[in-house]
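Just so you know, all these numbers are worked out from the coordinates, no wet-lab data involved. What you see is a predicted model; the values in this text were computed from it and never measured.
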Amino acid sequence: MGSPVRYIVTADEVPAYTPPLHSGTVNRRLVGRAVNGSQAVEVVLGVVEPGGVAERHTHEVEQAMYILEGRARVEVAGEVRECGPGTTCFFPPGIAHRVESIGPAPLRALVIYAPPLERSTADQPFRPA
């Protein structure tokens, strides 16, 4: 039998993981099938240390990222921009994107996938681009 469904969670109540093609990154899935039964959306809290990076990649679902703290250099569809708190980035399916934490503090962001990616803990969830 699996873990009980939790509708209210804090980041320290869910397991941490580092997705493939990411360095200096710790993610925690806050909303998803295994956490609280969500079928349509997945929400992840990502923390990326300065210098950490999500290498250029694509995936088959929509992704949005909202920066809570820190600074990032974000590349999507060839556009590169430095972003800070309050910035939202959208990564359509199949479009190459890259995110680098440029410090000096860690980058903290909410990452939303629709439908849930969930394979982010698998061996090859993303396609290098």
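Divide by every residue of the chain the summed helix terms, -39500 (n - 2.57) for each DSSP H run of at least 4, and state the resulting mean residue ellipticity at 222 nm, rounded to the nearest 500 deg cm²/dmol. Only helices count here, giving -500 deg cm²/dmol. 3J(HN,Hα) along region 102-116: 9, x, x, 9, x, 7, 10, 9, 8, 10, 10, 10, 9, x, x Hz, from the Karplus curve 6.51 cos²θ - 1.76 cosθ + 1.60 with θ = phi - 60°, whole Hz, x for Gly and Pro. For region 50-113 versus region 20-41, the inter-centroid distance based on Cα atoms is 16 Å.
Residues in region 12-28 carry Karplus couplings, in order, of 6, 8, 10, x, 8, 8, 10, x, x, 6, 10, 10, x, 10, 10, 10, 9 Hz; the curve used is 6.51 cos²θ - 1.76 cosθ + 1.60 with θ = phi - 60°, and Gly or Pro positions show x. Here the gap between E60 and V80, fully extended at 0.36 nm per residue and compared with their Cα-Cα distance, gives a gain of 5.1 nm. Here the Kirkwood formula puts the hydrodynamic radius of the chain at 14.7 Å, using every distinct Cα pair. Amide hydrogen proximity for G103: with H placed 1.01 Å from N in the peptide plane, the residues at 5 or more positions away or on another chain lying under 5 Å are G51, R71.
From largest to smallest, the equivalent ellipsoid semi-axes obtained for region 77-120 from the alpha-carbon gyration tensor read 20, 14, 10 Å.
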